[in-house]
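Below is one structure, written out as C-alpha cells, with a few remarks after it.
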Amino acid sequence: MNRTNPFDEIEQFLGRASLGGDRAWGRDLRTTDIDVAEYDDEFVVVADLPGYDREDIDVRATEGRLTITAERDAEREDGESEDADRRYLRRERRHESTTRSVDLPRPVVDEAASATYRHGVLTVTLPKAVEEADDGHPIDVA
C-alpha cells in the first residue's frame, strides 16, 4: 500500500514546495538569497531584496555576525476601483519581512562596514580586523 503525505496536498494548495528539497537544508524557499565573498582585506555580502525601499532595510554587524532585515507593507488593487466611492472588487494588503544572518569566518571591523542598495540588490562591505601575531608574552628569566 502506497501512503501519501497528507501535508503535501496542503503545501501544493498554498503554492509552496513540499517539506523536502531546500527546506531539508534549513533554507525556506521564501528566504532572501545571499552571496558571501572573501577578499584579501574584506568580506562582501550581496543580498537580493527586490521591491524594498532603502529605508525598509536594516543592516547590523555585531561580533562577527551580519544580520540583514527588511520589512514592507504591500498593497495591490485588482479590477475596478473608484476614488470617490471606494468600491473595491478586490484589494489586498499584506506585510512582508525577511531576515538573514551569516556568521563570518574571521573578525571584522564593525564600525567600518558600509552598505549600498541599488536596483534591488544590497551590497555590504565588511573590512577584516587586523590580526596581530600572537608570539605570547615574554617572561624574563632570572
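The values are calculated or read from the model by the stated rules, or taken from the named source; none is laboratory data. Bear in mind that the values here come from a model prediction, so they are computed numbers and not experimental data. With ideal geometry, Cβ positions are generated from the backbone for all residues, glycine too; neighbour counts draw on all protein chains shown.
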I'd like the full set of residues that are farther than 14 Å from Val121 by Cα and surrounded by 11 or more Cβ atoms within 10 Å (Cβ to Cβ), limited to the stretch 32-59. Glu38, Glu42, Phe43
Sole residue being modelled with pLDDT of 90 or more, touching a Lys or Arg at 6+ places or on another chain (Cβ under 9 Å) and not in a loop (DSSP other than H, G, I, E, B), chosen from Thr67, Thr116, Thr99, Thr123: Thr67
When residues of the stretch 126-142 are limited to those that are out of contact with any Lys or Arg (no Cβ under 6 Å at 6 or more places or on another chain) and surrounded by 11 or more Cβ atoms within 10 Å (Cβ to Cβ), the one modelled with the lowest pLDDT: Ala129
Name every residue in the stretch 102-113 that is under 15 Å from the mean Cα position of the chain (by Cα) and not in a loop (DSSP other than H, G, I, E, B), in order of residue number. Val102, Asp103
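Listed here are the residues, each with its yes/no results for (1) loosely packed, with under 12 Cβ neighbours inside 10 Å; (2) of a type in the set (A, V, I, L, M); (3) out of contact with any Cys (no Cβ under 6 Å at 6 or more places or on another chain); (4) at pLDDT 90 or above.
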residue	(1), (2), (3), (4)
Ala61	no, yes, yes, yes
Ala74	yes, yes, yes, no
Asp83	yes, no, yes, no
Arg90	yes, no, yes, no
Arg93	yes, no, yes, no
Looking at (1) assigned to a strand (DSSP E or B); (2) modelled with pLDDT under 95; (3) within 16 Å of the chain's Cα centre (by Cα), find the lone condition where Pro50 falls short. (1)
